[in-house]
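Asks: After the structure tokens below, expect a handful of questions from me.
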Amino acid sequence: MFPEKAVLSAPVDPGFLRKVREESGEDPSRCYQCLRCSTGCPLSSNMDYTPHQVMRLIQLGQKDEVLGSDAIWVCVSCYTCSVRCPNDINIAHLYDTLRQMAVREGYEIKRSQIPIFHREFLGQVKYLGRLHELMLMGFYRLRAGGLFDDMDLGYDMVRKGRLGLLPSFPHGGKDLKRIYDYAGKEAKTS
Amino acid sequence: MKLAYFPGCSLHSSGRDYDKSIRMVLGKLGVDLVEIPDWNCCGATSAHVTDENLAVLLPARNLAIAEGMGLDILAPCSACHQRLVIAEEELKKEKFQKALKETTGKEFAGKIRTLGILEVLMGKVGPEAIEKEIKTPLKGFKVASYYGCLIARIPRVKTFDDRENPTSMDRLVDLTGAEAVDWPFKADCCGASFGITQKPFFHKLSGRLLDGAGDFGAQAIVTVCPFCQLNLEMAGYKEAKETPSRTPLPVMSITQWLALAMGFTAKQAGLSSLLVEPGRLRETVSR
């Protein structure tokens, strides 16, 4: 039911459970391994640890196994686990915290395209206030590779008026800069 | 009825036919939409994956502006809707109230709420009023209503539809004269932003939905989320390119479908901008 390999070999961080709990506001110690999360997860067969195993690993203080796992990046945030958990653990939200911890603490991320995408997305919103899909795709592909992928699809979308060529004027004024500054400041002190 | 309208970034671009059809359909049903002035992106998945404060404060700014207008919000995109509803909840905490005031000078007291398109249509306007506007019933069509993840899966919040088996869109399809097929994948995930970043997972998830809808007898799929709509279309588009003998199901927004039944033409409903040809459907409705 839970991953024996990890439990036997990896170092234990006794403060990990508390830190995860504090930062996420979720309580993984309430998990009693009913497996509703893992059976409902659409991608659990593609994960190195399924959601109920991640809950157990957190309970056991297996920080490196959790933050270094592929599973936290395979999660697509569909919230099926969150609404089915009988112990009211918002697991999808808990995974947000785990991803943030993994990035902050420099754990290796095999699916590096995912954080690149989110960075480009939020960078654009910071300066424009809204997202411009075509520009996001351009910048994302420049950074992540595959700039010329799906050209036929892109061409058809532009031809059919489904992708605007030019972004609109910036929105949100100074508010957005202040929101980003605030978030940046808070992230540093956490 | 008057609502503050939060189209979100998609509805100004890849989802512009969804936007157009919402305005057409709600116009006929007597709902006035006032676009929230100077609205900003809700931050979507990128914000909640990356930073708790951005995830709350980006949508919070829009909530505060709408509250100033004294109107409930219509947010048709399921991702925007979910982020706005979660921000409403989070803004009950003093920490975020203070942060909103500090960064934008605005306040949110929780006097308004955010509605999805299905709640507006089936909850506020109501089936009787919609039925009266059905001018060209789409009889003989079998349609899979696809809800996706986010419209009813918002933890700890009472949602308009059932989380496990939502039905409001099926009832809407039935009102148009078509038959809503009973299929088991109606609230499964389409792959979301993995359509861009993790293609193999995306094709696994979206492919299962396309095949499943066809297998249960649907001739078209209708959606509420612009991102689900585009993802399923992209999956079908690719399938048709790779295997020309296959004809993937057309996928459109529920309001495009509703517009057809209300007597708008296929062109007005934006069928010509679909990436997957709607085939027989277009011939039938182009009267």
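The numbers here are math on the coordinates, done by the rules we state, and not lab data. The structure displayed is predicted, hence computed values, not measured ones. Counting neighbours? That spans all protein chains shown, and the Cβs are built from the backbone with ideal geometry, glycine included.
Asks: How far apart, in nm, are the 7 Å Cα→Cβ label points at residue A:187 and residue B:139?
Replies: 5.9
Asks: Which residue, chosen from B:266, B:148, B:70, occupies the Cα position most advanced towards the positive end of the dipole of chain B, where the dipole is computed from +1 (Lys, Arg) and -1 (Asp, Glu) charges on Cβ about the Cα centre?
Replies: Checked the options; the winner is B:266.
Asks: Residue B:180's amide H: which non-local residues (gap 5+, or another chain) put their own amide H closer than 5 Å, with H modeled 1.01 Å from N in plane and none for Pro or chain starts?
Replies: Amide H neighbours of residue B:180: B:143, B:174.
Asks: If you don't mind, another one. Using the Cα atoms of the range A:113-189, I'd like the radius of gyration and the largest Cα-Cα distance, Dmax, both in angstrom.
Replies: Rg then Dmax for the range A:113-189, in Å: 14.8, 48.
Asks: For residue A:130, enumerate residues with amide H under 5 Å from its amide H, sequence gap 5+ or separate chain, H modeled in the peptide plane.
Replies: A:171, B:41
Asks: Which of A:185/B:204; A:19/B:124; B:2/B:98 have a Cα-Cα distance over 32 Å?
Replies: In this structure, A:185/B:204; A:19/B:124 exceed 32 Å between Cα atoms.
Asks: How large is the dipole of chain B about the Cα centre if only Lys and Arg carry +1 and Asp and Glu carry -1, each at its Cβ, rounded to the nearest 20 debye?
Replies: 280
Asks: Right, another one. Decide, for the range B:134-285, between rounded, prolate and oblate: order the square roots of the alpha carbon gyration tensor eigenvalues as a ≥ b ≥ c, take rounded if a/c falls under 1.5, and otherwise choose prolate if a/b is larger than b/c, else oblate.
Replies: Oblate.
Asks: Just to confirm the number: angle between the C-alpha axis of helix B:78-90 and the first principal axis of chain B, 0 to 90 degrees, nearest 10?
Replies: Roughly 20 degrees between the two axes.
Asks: Hey, what angle do you get for helix A:133-144 against the long axis of chain A, alpha-carbon based, 0 to 90 degrees rounded to 10?
Replies: With both axes taken from Cα atoms, the answer is about 60 degrees.
Asks: Per 0.36 nm of contour for each residue apart, how much would the distance between residue B:246 and residue B:158 grow if the chain were fully extended, relative to their Cα-Cα spacing?
Replies: Taking 0.36 nm per residue and subtracting the Cα distance, the gain is 27.6 nm.
Asks: Which whole-Hz couplings ³J(HN,Hα) result when phi for each residue of the range A:20-31 is put into the Karplus expression 6.51 cos²θ - 1.76 cosθ + 1.60, θ = phi - 60°, listed in order with x for Gly and Pro?
Replies: Rounded to whole hertz, the list is 4, 4, 5, 6, 8, x, 9, 10, x, 5, 7, 5.
Asks: What shape does the range A:4-104 have by the C-alpha gyration tensor, where a ≥ b ≥ c are the square roots of the eigenvalues, rounded means a/c under 1.5, and otherwise prolate means a/b greater than b/c and oblate the rest?
Replies: Numbers: a/c = 1.37, a/b = 1.25, b/c = 1.09.
Because its axes are fairly even, with a/c under 1.5, the range A:4-104 counts as rounded.
Asks: Another question, if that's okay. Excluding same-chain residues fewer than 8 positions from residue B:142, which lysines have a Cα within less than 20 Å of its Cα?
Replies: Here the lysines satisfying the reach criterion relative to residue B:142 are B:186.
Asks: Choose one answer from B:243, B:136, B:50: the residue with the largest mean-square fluctuation in a GNM of chain B with alpha-carbon springs under 10 Å.
Replies: Evaluated over chain B, the most mobile residue of the options is B:243.
Asks: In vacuum, with every alpha carbon of the protein assembly as shown counted as one equal point scatterer, what does the Debye formula give for log10 I(q)/I(0) at q = 0.12, 0.14 Å⁻¹? Two decimals, please.
Replies: -1.08, -1.47
Asks: Moving on to the next point. Can you tell me the 0 to 90 degree angle between the C-alpha axis of helix B:16-28 and the longest principal axis of chain B, rounded to 10?
Replies: It is inclined by approximately 90 degrees.
Asks: Follow-up. Going 7 Å from the Cα of residue B:113 along its beta-carbon direction, which residues of the range B:166-199 have the amide nitrogen within less than 17 Å of the resulting point?
Replies: Answer for the range B:166-199: B:168.
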